[in-house]
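What follows is calculated from the coordinates using simple rules that are stated; it is not laboratory data. Note that the structure is a prediction, hence the values are computed from the model and not measured. Every residue, glycine among them, receives a Cβ derived from its backbone with ideal geometry; neighbour counts consider all protein chains shown.
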Amino acid sequence: MEWTPESLKAEIDYRQAALRADAAHYRVGRQAHPARRSWWRRLGHRPGPDVPGAGNGHRDAA
């Protein structure tokens, strides 16, 4: 298949239009749904058990 300057330009324009359409679709999807915290943030910031602190403000010796 021979690539002429016109066919190259048409191919580039077609791909750029597809990329722009995908980007617009992605932006609409991001605006429609609230941001979800990442799995790392959810894993590290879970509410833990309620452990009473030491009476004098120091940790117990191991």
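With R₀ fixed at 35 Å, the C-beta to C-beta distance from Glu11 to Arg46 puts the FRET efficiency at about 0.10.
What does the charge count around Asp13 come to, taking other residues whose C-beta lies under 14 Å from its C-beta (Lys +1, Arg +1, Asp -1, Glu -1)? Every neighbour counted, the sum reads +1.
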